[in-house]
Structure formats: structure tokens, C-alpha cells
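Sharing a structure with you now.
Every number in this text was worked out from the coordinates using simple rules, so none of it is lab data. Just so it is clear, the structure is predicted and the values come from calculations on it, not from any experiment. Here the Cβ positions follow ideal geometry from the backbone for every residue, glycine too, while neighbour counts run over all protein chains shown.
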């Protein structure tokens with residue numbers, strides 16, 4: 001009768017309703033998506049913040065706003081009223 005609904009069973013709403021297996025499969029895909037997104041956000045937020053701070057401090061040193069001892073690769077920041 002309905003060619004597109006051959007693999008579906010007749011339910012209380014007629015042809016084409018989802019079977020139990022379809023809902024569980026979608027649920028597990030949704031859970032995996034949410035967990036992966038949460039992990040990626042957590043991981044990216046921490047590393048992005050660290051990279052941003054490093055870039056900011058490096059730029060302030062290069063522009064002369066921060067004084068430091070040691071090398072530019074491993075600076076030891078000092079107060080403006082201290083000597084080099």
C-alpha cells in the first residue's frame with residue numbers, strides 16, 4: 001500500500017512511527033555528541049586561556065610595558081621601581 005513505509009510497523013499513529021531501536025540509537029548518538037562537545041569546550045577553554053595570557057605578556061614585554069630579568073624565553077617579571 002505505502003512503498004516508503006515497508007520497514008516500519010503499524011502503530012497507534014498509523015504507518016511511519018519510530019521503532020524502539022531507532023530512539024535508543026538516537027539517544028546514544030546525542031549523548032556522545034554532548035559529551036564530546038563538553039570535553040572539547042573544557043579542553044579548549046583551558047589551553048586557549050593559557051595561550052592568550054602568554055601572548056599578552058610577551059607583547060607587553062616586547063613593547064616595553066613590562067620589565068623583566070633573564071631571557072625573553074623565560075622572563076622573571078620585576079616591579080617598575082626595581083633595578084634590572
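For an R0 of 35 angstrom, estimate the FRET efficiency from the Cβ-Cβ distance between residue 55 and residue 30 and round to the nearest 0.05.
The calculated FRET efficiency here is 0.45.
Report the extension gain between residue 67 and residue 47 in nm, rounded to one decimal, defined as 0.36 nm multiplied by the number of residues separating them, less their alpha carbon distance.
4.6 nm
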